[in-house]
Amino acid sequence: MMIGETVRVAIDSIRANKLRATLTALGIIIGVAAVITMVALGSGAQKAVEQQIANLGANVLYLYPGQSFARGVASDVRVSLTTDDADSLRNAAQLLSAVVPEMVSSMQVKYGDQNINTTISGTTAEYMAVKNFKIQFGRSFTAGEDDARQRYAVLGADIPTLLNANPAAMIHQTVLIRGVPFEIIGVLQRKGSQGSFMNQDEQIVIPLETARYRLFGTSRVRSIAVQISEGVPVQQGMVDIERVVRRLHKIRPGGDNDFQIRNQQDLLSTQQAATQIFTTLLASIAAVSLVVGGIGIMNIMLVSVTERTREIGVRKALGATRLDILMQFLVEALMLCLTGGALGILLGVGATTVLSRSAGWNTLISTQAVLIAFAFSAAIGLFFGIWPARRAARMDPITALRYE
């Protein structure tokens, strides 16, 4: 039997039992759609993590206050970081390209007749570059303006929305921060959450010296962002930071640090690895439905072989070989799976699009996942179609013709 005739007979058989063929392919359709959707969700989450890593800036470490120790025992008193720590790192550290202290507090902000409570960040002019912020409107303040304690403010991307104002029109306008007037000189581009409790788009950035002497009234800082010089390993940079700060805090050799150094890229890399494992787990669970669909196809094909026993006997009596009968049923199972795989791809892409637009989830349709799911559906058709096809091919023609 020619290949073309084999395909035509398989199509005629599927058309003769449309409802049964549809129900048979349903398992493959759902399985392929589930694999594509789950992988798209996992890939979208992984892409979001990668974007977070990029937004943190390159080779940035964060120095936070820690606990003080007395004779190896931690006390309840937390040691404060100050601008002196930042100055020491800037002057004495050898492997750092930028040191950015940051004072942070929640304060009342008034603009026109609008009044909100939001985060005020006092920092240096290097803050934008180290934290990888981009200016959408206006500009940022300079180091000279910081030293001069200029009352300038750069707004986060969400602040104009919170104040019901046009961001472009706010440039050179005045905003009151805890009753002190500040001139708005810039608005930042949206950056999004970085996995912390503070939304960086809902902050107002002002010069560090201005914040220190006009608003905060203290030299204490919440954190110090440190950018390691290009080409320097992160671990060497951490050693350089420890050397300077331990000497400034007069910590003896062997003593515990009263500060913390955090590498947020390591935290996000761990999160990325967890996301990859989660994606693989979801895809594996979804692939089980493909196997279940394949078992359903084998079951239906066995029933089809039993129903068409007399037809098989007639074909063999007319000269059909075992290979012809084998190919007939194998092609039929393969076509069911390929059709189900194609419909499953459409369903999976549609479901992914709906989830992305309606629920706002991060999704990324992977071409590789689509091809693998489709190839897997074809492999299932071959694997689970072989046993029914072999059973049909091995039938004795005399016994098959006598079958009622």
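Read-outs: derived from the displayed coordinates by stated rules, not from any lab. All of these numbers come straight from a predicted model, not from anything done at the bench. All Cβ positions, even for glycine, are placed from backbone atoms using ideal geometry, and neighbour counts span all protein chains on display.
Points to keep in mind about this one:
- Per-residue Cβ neighbour rank within 10 angstrom, fewest leading, Ile177, Ile36, Ile261: Ile261, Ile177, Ile36
- Simple spin-label estimate for Ile386 and Arg220 gives 7.2 nm between the two label positions (7 Å along the Cα-to-Cβ direction from each Cα).
- Ascending count of other beta-carbon atoms within 10 Å, so fewest first, for Arg214, Arg139, Arg252: Arg252, Arg139, Arg214
- Cα-projected label distance for Ser105 with Asp12, points at 7 Å along beta-carbon direction, nm: 8.8 nm
- Note on Asp84/Gln136: beta-carbon distance plugged into 1/(1 + (r/R0)^6) with R0 of 41 Å gives a FRET efficiency of 0.75.
- Greater than 19 Å apart at Cα, pairs in Lys110/Lys191; Lys131/Lys191; Lys110/Lys134: Lys110/Lys191; Lys110/Lys134
- In this structure the amide hydrogen of Leu81, modeled in the peptide plane, comes within under 5 Å of the amide hydrogens of Val221, none closer than 5 places in sequence on its chain.
- Ranked list, fewest to most other Cβ atoms within 10 Å of each Cβ, for Ile325, Ile300: Ile300, Ile325
- Working from label points 7 Å from Cα in the Cα-to-Cβ sense, the Val234 to Ala342 distance is 4.8 nm.
- In this calculation the C-beta distance from Ala317 to Ala274 is compared with R0 = 56 Å, giving a FRET efficiency of 0.35.
- Gain on full extension, evaluated as 0.36 nm per residue between Ala168 and Val349 minus their Cα-Cα distance, stands at 61.3 nm.
- Rounded to the nearest 20, the size of the Cβ-charge dipole of region 80-248 about its Cα centre is 180 debye, with Lys and Arg at +1 and Asp and Glu at -1.
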